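A.B. asks: Structure provided below as C-alpha cells; questions to follow.
The values are calculated or read from the model by the stated rules, or taken from the named source; none is laboratory data. Being a predicted model, the structure only gives us computed values, none of them experimental. Ideal geometry is used to build each Cβ from the backbone, glycine not excepted, and the neighbour counts take in all protein chains shown. The protein model used for the area step is the full one, side chains on, heavy atoms only, and it has no ligands, DNA or RNA in it. Shrake-Rupley method; radii C 1.70, N 1.55, O 1.52, S 1.80 Å.
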Amino acid sequence: MSTVRISDVTLKQEAGKSLSFKEKVELVRLLDRLKADVIEIGPIEQVKADSLFIKTAADAVQESTLAVETACTKDAIDLTWDALKNAKSARLQINVPVSLVQMEYLYHKKPEAMKQNVIDAVTYAKTLCRDVEFIASDASRSEREFLYDILNSAIEAGASAVTVTDTAGTMMPDEFEQFVKDVRENVSFEDKAILGAMCTDELTMADACMAMAMVAGAGEIKAAIYPQNTASLKNIAAMIWKKGSSKGIRMNLRSVEMKRLSDQAERMFTETRSKHSPFETGVREDISGRMFTKNDDLAAIVNETKKLGYDLSEEDQIRVYEEFKRLAATREAISSPEIDVIVASYALQVPPAYTLAEYIINASNVFTASAHIRLKKNGEVMESVALGDGPVDASFLAIEQIAGVHYELDDFQIRAVTEGREAMGEAVVKLRVGGKIYSGRGLSTDIIGSSISAYINALNKIVYEEENE
C-alpha cells in the first residue's frame, strides 16, 4: 500500500489570488487542518505584501508542507526563501516550461540552456531548503528524450520531487496513464525523488487523469479544494477513499472532515458581495481562543501582534505591552481581540488629518442603506453620499470616496463594552495597505458612530505614514 501525497494549488489559481489577505490565511489554516500534504503558493509579485503573506502562512501551518514557487534566478530564490524559511516544513518550487515552443517563446532559450538554468537553480535552492521541487510545465508537449533528460538532471542536482504537467489539458486518462508510466521507466528516481503529476481540465477529465496517474505510480498529485480548470481535491479524496484499497493507494487527508471543510472553503469563494461594497471579508469572530495573563512577557505579546498582522515599531511594542500589563494586573486573562483593541488604541497615535464633522444615516428594510458623511481636513469640509449593503457598509464607502482611495478592509469587530440603555459600543477597523495593517478604534453609544470613528482613526494613520515617508 503506497501513500499518495496531495498538493493543493488553490492559491495559485485566479480565484485564490482574488482572496483578501485574511481569507488567504484562513484558507491555509483550513487546508492544514485537512492535512493536505502540500499547500502551494504562487511566486512573489508584490514584494512587501506577498512576502508578508508567506511569512504569516509559514507561522500558521503546522501539519502541511508550505511550497512557494520561485523563478530560476539567485535573487528570486533568495527573496522567496527569506519569506519561507521559518515554515515548519518548507519547499521551494522551480517551475519552467519544457516544450520547445514555450521555452523559446517565454524564456527565449534553447533546450540545453534551459536545462543548465534548471540545474543551477535547483542546485542553489537545495543549499537553502532540503525540499526542492522541479515542475516541468507543458511536459505533455515536450520532446520526450529532452523531458527525461531534464528530469534526470534536476534529480541529480538535488530535486526531491519532479512534477510533469499536461498544461494544455489535451490528454485522455489512458494517455496520461501511459505518459506517467513512460516517465517512471525512463527517469532514475531510485528513492531520491518522488514523481508528481498535474493536468488542466480542458476536457473535463482532470480528475480521471489524476486517478490514472496514481495508478501509474505517481507519488504526488496536484488538485484544488476549489478547482478552476484543474482536478478537484474533494473528488480525488473520494476516489481514494472508495477505491484506494483495491488499487494499493492511500492518502493522509482527513476524509471524515472533507465535506465540512470543503464546504467552508467553497463559501469563502462563492460568498455574495455587492460589487460596490468596500468589504472584502465582512465581520468575523475571533476563534483562536488565545488568552494571555500577567505572566506573559514582551516577546509573547509582540508575537501575538505579529499573528494579528501588525508590524509595530519598538516604541509601539513597548506602548502596547505597558497597556497590556496595566490591564493584566486587574484581570485574570486578556484575549487576543482585546490585544487588537490595545494596538488600535495605543500604537501609531498620530495627529488627525481627517475629523468627523457630522453624518446622516438612512436605513430600513425597504430601501438600500445610505450614508451622508462630512469630514474636515485642514479646515475644509469634504462630504460624500454613498449607498451600501448596510449602514456601516455605506458609511465606509462614503469615507473612501472622500479620501479618494480604496483600502482592503482586513477586519471589522464590534462589541458592547457597557450594559444598559446607554451602553457604549466599541468598534475596531483594520485596513491593509501594501501588506501592512493599520487599525483604528471607535467608542460611542451609537455603534455606527463608533464604526465611523474607528475607520477614520485607521485612515489617519495611513495618511500620516504616507505623508512622512
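A.B. asks: Name the helices (runs of 4 or more DSSP H) wholly within segment 287-364 that hold at least 2 residues that are free of Cβ contacts under 8 Å to residues at least 12 places away in the same chain and surrounded by fewer than 17 Cβ atoms within 10 Å (Cβ to Cβ)?
C.D. replies: Numbers: elements: 298-307, 314-328, 336-346.
In segment 287-364, the matching helices (runs of 4 or more DSSP H) lie at 298-307, 314-328.
Each row is one residue, and each column tells you yes or no for (1) at pLDDT 85 or above; (2) within 26 Å of PHE21 (Cβ to Cβ); (3) among the aromatic types (Phe, Trp, Tyr); (4) surrounded by 13 or more Cβ atoms within 10 Å (Cβ to Cβ).
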residue: LYS222; (1), (2), (3), (4): yes, yes, no, yes
residue: GLN228; (1), (2), (3), (4): yes, yes, no, yes
residue: SER232; (1), (2), (3), (4): yes, yes, no, yes
residue: ALA237; (1), (2), (3), (4): yes, no, no, yes
residue: SER245; (1), (2), (3), (4): yes, no, no, no
residue: GLU257; (1), (2), (3), (4): no, yes, no, yes
residue: SER262; (1), (2), (3), (4): yes, yes, no, yes
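A.B. asks: Which of the following residues is touching a strand residue (DSSP E or B) at 6+ places or on another chain (Cβ under 9 Å) and open to solvent by 20 Å² or more (accessible area, probe 1.4 Å): ILE437, ILE447, ILE452?
C.D. replies: Values: ILE437 fails: open to solvent by 20 Å² or more (accessible area, probe 1.4 Å); ILE452 fails: open to solvent by 20 Å² or more (accessible area, probe 1.4 Å).
Residue meeting the stated conditions: ILE447.
A.B. asks: Follow-up question, since we're still on this one. Is it the case, given these coordinates, that SER64 is of a type in the set (S, T, N, Q), within 15 Å of the chain's Cα centre (by Cα) and buried (at least 21 other Cβ atoms within 10 Å of the Cβ)? Spell out the reasoning first.
C.D. replies: Values: of a type in the set (S, T, N, Q): yes; within 15 Å of the chain's Cα centre (by Cα): yes; buried (at least 21 other Cβ atoms within 10 Å of the Cβ): yes.
The answer is yes for SER64.
A.B. asks: Let me ask another. Between residues in segment 99-114 that are within 15 Å of ARG141 (Cα to Cα) and residues that are modelled with pLDDT under 90 and outside any helix (DSSP H, G or I), which pairs lie under 7 Å by C-beta distance while being six or more apart or on different chains?
C.D. replies: Final answer for the pair search is MET103/LYS109.
A.B. asks: Filter segment 396-407 for residues that are crowded, with 19+ Cβ neighbours inside 10 Å and in a loop (DSSP other than H, G, I, E, B) and give the result.
C.D. replies: TYR407
A.B. asks: Can you report the number of residues in segment 16-35 which are open to solvent by 10 Å² or more (accessible area, probe 1.4 Å), more than 12 Å from VAL61 (Cβ to Cβ) and either out of contact with any Leu (no Cβ under 7 Å at 6 or more places or on another chain) or at pLDDT 95 or above (or both)?
C.D. replies: 5
A.B. asks: What is the residue count in segment 30-44 for residues that are part of a helix (DSSP H, G or I) and over 20 Å from ILE221 (Cα atoms)? Steps first, answer last, please.
C.D. replies: Taking segment 30-44 and keeping what is part of a helix (DSSP H, G or I), we get 30-34.
Restricting the remaining residues to those that are over 20 Å from ILE221 (Cα atoms) gives none.
Number of matching residues: 0.
A.B. asks: Here's a check for you: in segment 367-395, which residue that is assigned to a helix (DSSP H, G or I) and in contact with a strand residue (DSSP E or B) (Cβ under 7 Å, 6 or more places away or on another chain) is farthest from ASN460 (Cα to Cα)? Can you show your working first?
C.D. replies: Going through segment 367-395, the residues assigned to a helix (DSSP H, G or I) turn out to be 391-395.
With the extra rule that they be in contact with a strand residue (DSSP E or B) (Cβ under 7 Å, 6 or more places away or on another chain), the set shrinks to 391, 393-395.
On the way: PRO391: 21, ASP393: 19, ALA394: 19, SER395: 16 Å.
The qualifying residue farthest from ASN460 (Cα to Cα) is PRO391.
A.B. asks: Say we look at segment 408-434 and pick out the residues that are acidic (Asp, Glu) and at pLDDT 75 or above; which of these is most open to solvent (accessible area, probe 1.4 Å)? Lay out the reasoning, then the answer.
C.D. replies: Within segment 408-434, the subset acidic (Asp, Glu) is 408, 410-411, 419, 422, 426.
Subsequent filtering for residues that are at pLDDT 75 or above retains 408, 410-411, 426.
On the way: GLU408: 43, ASP410: 6, ASP411: 7, GLU426: 7 Å².
Per the criteria, the residue is GLU408.
A.B. asks: Criterion first (in contact (Cβ under 8 Å) with a residue 24 or more places away in the chain and in a helix (DSSP H, G or I)) does GLU145 satisfy it? Step through it out loud before you land on a result.
C.D. replies: On the way: in contact (Cβ under 8 Å) with a residue 24 or more places away in the chain: no; in a helix (DSSP H, G or I): yes.
So GLU145 fails the test.
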